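Report on one structure; see the data block that follows.
Derivation of every value follows stated rules applied to the coordinates shown; laboratory data play no part. As the structure is a computational prediction, the values presented were derived from the model and not from experiment. Every residue, glycine as well, gets a Cβ built from its backbone with ideal geometry; the counts of neighbours run over all protein chains shown.
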Amino acid sequence: MSQAAAMKKRHVGADLTEGPILKKLVLFAIPMILTNLLQQLYGMVDLIIIGQFVGSIGTVGVSTGGEIADFLTPTAMAVATAGQVYISQLSGAKDFQRMKEASGTMLTFMLYMSVVCMLVPIVLSDTLLGWMNCPPEAWQQAKDYMIICSFGMPFIFAYNGIVAMLRGIGESKRPLIFVAVAASVNIVTDLLFVVVLKMEASGTALATVLSQVGSCVAAFFFLNRKKEAFDFGFNRRFFKVRFEHLKVMLKLGVPQLIRTFCIRYSGMWVKANINSYGLTFSATYSVGNKILNFGDVLFNSFTMAGGAMIGQNLGARKIDRAQKTQRITLGISMAGAAIVAILCLLIPKPLFRLFTADEAVIENGVVFMQIMAIGVLVHAWASSYKCMSTGVGIPSLALAIGVLDGVSRILVCLMFVNLFNWGGLGYYWGAALCHVLPGLTAFVYYMSGKWKTAKLLSER
């Protein structure tokens with residue numbers, strides 16, 4: 001039996017290089033949308049419970065302490081993205097042996113990285129909180145949250161690695177189950193630790209870690225059930241770094257890491273500066289971002305799905321199909337962003353009241369949501385063109401877009417704060433318009449047509 005026939009027989013993944021594009025894309029994206037919705041839901045539950053039962057001090061403590069975790073977690077996603085692109089191209093080219101070797105290499109390398117990312121916040125917690133201008137009232141809450149969440153890093157990295165392997169071969173349904181496990185664990189333990197046991201931010205952090213353990217265990221359980229597809233096993237044959245594959249993934253992964261750090265650094269820089277304007281601005285930004293992260297799920301999911309589908313089609317050298325996928329992704333993303341923008345304008349107060357009873361924060365939230373109604377449209381447009389550059393996997397382009405993602409956020413903030421003297425509102429505008437420059441870069445690359453003849457990761 002051929003490798004392609006064997007893979008088909010095992011029913012793992014989907015061939016995204018055949019069939020109606022819109023139908024394939026939607027069916028592939030729907031489980032990703034539900035997965036991301038669940039992830040945002042249990043993230044929102046953390047903030048809702050801490051905001052309602054602890055107050056603004058708890059909200060700021062969790063959001064500030066969580067900034068470090070949010071800074072390091074995308075490291076896992078950056079490496080996973082590089083691996084997913086590589087695996088999707090190998091899957092499209094039907095090179096299943098190299099695909100299996102690349103999968104084991106990626107997951108093993110990510111587990112090594114997770115240990116480093118676990119130790120950094122534990123050792124440097126006070127230094128990091130001082131750098132972020134954490135309000136004194138929320139300092140202990142933030143520190144407790146940061147340290148406890150650090151122990152979840154190995155589970156975050158392992159989960160993201162497995163999901164990247166699955167999405168690379170067109171499997172998007174199983175991650176929904178993994179996240180459902182995490183969400184269930186998180187909600188139950190959040191209520192137990194915060195509402196019943198009064199553990200405040202520490203309880204929320206412990207609930208978060210337990211949810212990460214749950215999703216990771218579920219992912220490994222499925223991987224073990226389908227071990228033939230990836231040649232998986234809890235042994236050295238699978239957990240082995242093969243440097244020929246690591247080298248290829250690092251060519252894209254390192255720029256993705258730099259991109260991630262630029263974006264997260266700029267986000268932390270904004271958060272640190274907003275903290276200096278007091279508890280109201282800090283809480284508004286924390287709650288507003290959580291709401292918008294939930295609203296971004298639709299077009300972000302289609303961007304992820306589009307990137308994986310484009311990767312497979314480029315691997316199969318189906319250029320026209322890859323281009324049509326990008327166009328359909330753009331249309332769906334903009335439609336979804338328009339809905340989110342309308343909700344931002346129509347019901348900002350009810351959305352904020354889910355997270356806080358502080359009237360000052362709610363009133364400030366109305367202004368925040370009005371500004372972000374523009375921001376979600378810009379973000380959707382930019383992300384849709386980034387999915388083509390992601391599918392191609394060009395390291396220099398990923399690096400350029402990533403640096404612009406970080407730099408433009410800071411520059412736009414400084415412009416509104418210093419030139420227009422808008423104070424804390426300037427940082428809201430910076431967050432809303434920071435995607436313009438990287439989006440233009442991705443758009444220019446797409447319009448140039450160079451992606452049609454670019455050398456793929458699978459060919460290196």
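Observations, loosely collected:
- Counted over all Cα-Cα pairs of the stretch 67-115, pairs farther apart than 12 Å make up 63 percent.
- Calculated SAXS-style log₁₀ I(q)/I(0) at q = 0.17 Å⁻¹ - the stretch 188-339, Debye, Cα scatterers: -1.38
- Ranked by how many other Cβ atoms sit within 10 Å of their own Cβ, fewest first, the residues Tyr86, Tyr285, Tyr265, Tyr446 fall in the order Tyr265, Tyr446, Tyr285, Tyr86.
- Nitroxide proxy distance, nm - points 7 Å out along Cα→Cβ at Gln370 and Val444: 3.4
- Sum of side-chain charges, Leu404 neighbourhood, beta-carbon under 15 Å (Lys, Arg +1; Asp, Glu -1): +3
- Positive-end residue of Phe28, Ile177, Pro348, charge dipole of the stretch 3-459 with Cβ unit charges: Phe28
- Measuring how big the stretch 118-162 is from its alpha-carbon positions, Rg and Dmax come out at 12.2, 39 Å.
- Rg and Dmax of the stretch 135-195, based on Cα coordinates, read 15.6, 48 Å.
- Taking N as its residue count, the alpha carbon Rg of the stretch 3-459 over 2.2 N^0.38 Å: 0.94
- Relative to the Cα centre, the charge distribution of the stretch 49-204, modelled as +1 at Lys and Arg Cβ and -1 at Asp and Glu Cβ, gives a dipole magnitude of about 620 debye.
- This ranking places Val287, Val297 by how few other beta-carbon atoms lie within 10 Å of each, fewest first, which gives Val297, Val287.
- Fewest-first ordering of Asp46, Asp144, Asp70 by other beta carbons within 10 Å of each residue's beta carbon gives Asp70, Asp144, Asp46.
- Table column - 3J(HN,Hα) (Hz), the stretch 125-133, Karplus curve with 6.51, -1.76, 1.60, x for Gly and Pro: 4, 5, 4, 5, 5, x, 5, 8, 6
- Residues of the stretch 43-75 with an amide N closer than 20 Å to a point placed 7 Å from the Cα of Leu191 along the Cα-to-Cβ direction: 43-55.
- Unsatisfied cross-links (Cα-Cα over 28 Å) in the set Lys227/Lys247; Lys173/Lys227; Lys226/Lys452; Lys173/Lys386; Lys143/Lys386: Lys226/Lys452; Lys143/Lys386
- Rounded to the nearest 20 debye, the dipole size of the chain about its Cα centre is 2180 debye, using +1 on the Cβ of Lys and Arg and -1 on the Cβ of Asp and Glu.
- Farthest towards the positive end of the charge dipole of the chain, among the residues Cys117, Ser215, His245, is the Cα of His245, using unit charges on the Cβ of Lys, Arg, Asp and Glu.
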